[in-house]
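First up is the structure itself, then whatever we jot down about it.
The values are calculated or read from the model by the stated rules, or taken from the named source; none is laboratory data. Everything numeric in this text was worked out from a predicted model, so none of it was measured. Glycine also receives a Cβ, built like all others from the backbone with ideal geometry; neighbour counts cover every protein chain displayed. These accessible areas exclude ligands, DNA and RNA; they are computed on the full protein's heavy atoms, side chains included. Shrake-Rupley method; radii C 1.70, N 1.55, O 1.52, S 1.80 Å.
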Amino acid sequence: MQNPNQNVQAEPCGVMQRVIDAPAALRAVQAAIRHAATLGVRVNVSVVDTASVPVSFARMAGAPLHSIDIAVDKAYTAASFGLPTGRWHAALQSHSEAVRAGLVLRPRFVAFGGGLPIVERGERIGGIGVSGGSEEQDTEIAQAGLSELGLSI
């Protein structure tokens, strides 16, 4: 029997996971805001890391107040599942009725456009969410944020 006080080399219990850093998240948010201004819409933009912890956020003056939480939740959904929020309707079609009905009722889950995962070199490092325009505008604005980082979906 091994002495419990003996220093034993055990297998690592944790894993290294890359996440988006604050400077990159700020650049993405600023680019998204600039693009929204060219479209003439006022939006909220949120960037979260892979644990859905907020890294950067901006609200344009006049953006809808309810869209604050929606932008954050779009980023959360995109980061947690790695799927653009606008693709959920199609993705759910292959699942059971219970999954289709239940997943959309989950708190913070968003199944409409405007949230994109942030993927660098094949690894998810966060998510960006935009809310305040149409689904198409929100998605386009989020993509502008990714493009600023040299990324796309």
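Spin-label model, residue 121 to residue 27: label points 7 Å out along the Cα-to-beta-carbon direction sit 1.5 nm apart.
Rolling a 1.4 Å probe across all protein chains gives residue 123 an accessible area of roughly 60 Å². The order of 108, 34, 100 by accessible area, most exposed first and with a 1.4 Å probe, is 34, 108, 100. Which log10 I(q)/I(0) values does the chain give at q = 0.12, 0.15 Å⁻¹ under the Debye formula, counting every alpha carbon as one identical point scatterer? Taking Cα atoms of the chain as identical point scatterers yields -0.50, -0.70. Largest GNM mean-square fluctuation across 17, 30, 143, computed for the chain with C-alpha springs under 10 Å, falls on 17. Using a probe of 1.4 Å, the accessible surface attributed to residue 105 totals some 140 Å² when neighbouring protein chains are kept in position.
I want the local charge near residue 52. Using Cβ-Cβ distances under 10 Å, sum +1 for each Lys or Arg and -1 for each Asp or Glu among the other residues.
Values: positive: 108; negative: 49, 73.
Residues close to residue 52 contribute a combined charge of -1.
Can you put 66, 35, 89 in order of accessible area, largest first, using a 1.4 Å probe? Don't skip to the end; give the middle numbers.
Numbers: 66 155, 35 50, 89 130 Å².
Order by accessible area, largest first: 66, 89, 35.
Summarising the label geometry, the points placed 7 Å from Cα in the beta-carbon direction at residue 34 and residue 96 lie 4.9 nm from one another.
Compute the FRET efficiency between residue 9 and residue 51 as 1/(1 + (r/R0)^6), taking r as their Cβ-Cβ distance and R0 = 25 Å, and round to the nearest 0.05.
On the way: r = 28 Å, r/R0 = 1.13.
Calculated transfer efficiency: 0.35.
The reciprocal of the average 1/r between distinct C-alpha atoms defines the Kirkwood hydrodynamic radius, which for segment 4-89 equals 15.0 Å. For segment 15-77, the Cβ-based charge dipole about the Cα centre amounts to some 220 debye (Lys, Arg positive; Asp, Glu negative; other atoms uncharged).
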